[in-house]
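To keep things clear, I will list the structure first and then write my remarks on it.
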Amino acid sequence: MFGAVHSLRQRRAMSRLLCQICAGPADRNGDGVLWLLTDHRDEWDDWPEKMAVDEPPACVPCVGLATRLCPALRSSSIVVRVRECPVVGVRGRVHKPGGLLPVPTDEDVMSFDDRRIRWTLASSLLRGLSGCTVVQADELA
Ligand SMILES: [Zn+2]
């Protein structure tokens, strides 16, 4: 169930920079922490620079495994080293006041200074990526 990410495991992996596949330490070297992402370089020139992600980082052995087994990554993936990746916000279900109980509205992403965050049931933690360098998968071995 590749698309159904366990919320607690996601937040644990993201907050501790653990591999999103095996939960071991994510790979890190002088160029930064290793990230395996679906490739969206066609969206803007220096993608994924300044992007917020809810996919935790990865370790080297799991990059090959995930790109073979995950349908989304099999069709389009990119490996990136990220120098800075602070926790910047959450993805979650926003609620609004309504009678006795809050009423769920849309799911959205938001920074910690967004006033809607008090009405949000977070499902994942986001990190902002900067200092990104694309890595060829065969350079990882
Ligand atoms: Zn791993």
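The residues TRP119, TRP35, when put in order of fewest to most other Cβ atoms within 10 Å, stand as TRP119, TRP35.
Placing pseudo-labels 7 Å out from each Cα toward the beta carbon at TRP44 and ASP114 gives an inter-label distance of 1.5 nm. Rounded to 0.05, the FRET efficiency of the ALA23 and SER77 pair, given R0 = 35 Å and the Cβ-Cβ distance, is 0.95.
Across the chain, the relative contact order, built from alpha-carbon pairs under 8 Å that are at least six residues apart, equals 28 percent. Of the trypsin sites (Lys or Arg not before Pro) found in segment 11-53, the ones in coil according to DSSP and having at most 12 other Cβ atoms within 10 Å of their Cβ are LYS50.
Every number here is computed from the coordinates shown, using simple stated rules; none is lab data. For clarity, every value in this text was computed on a predicted model and none was experimentally measured. Cβ sites come from the backbone with ideal geometry, for glycine too, and all protein chains shown count toward neighbours.
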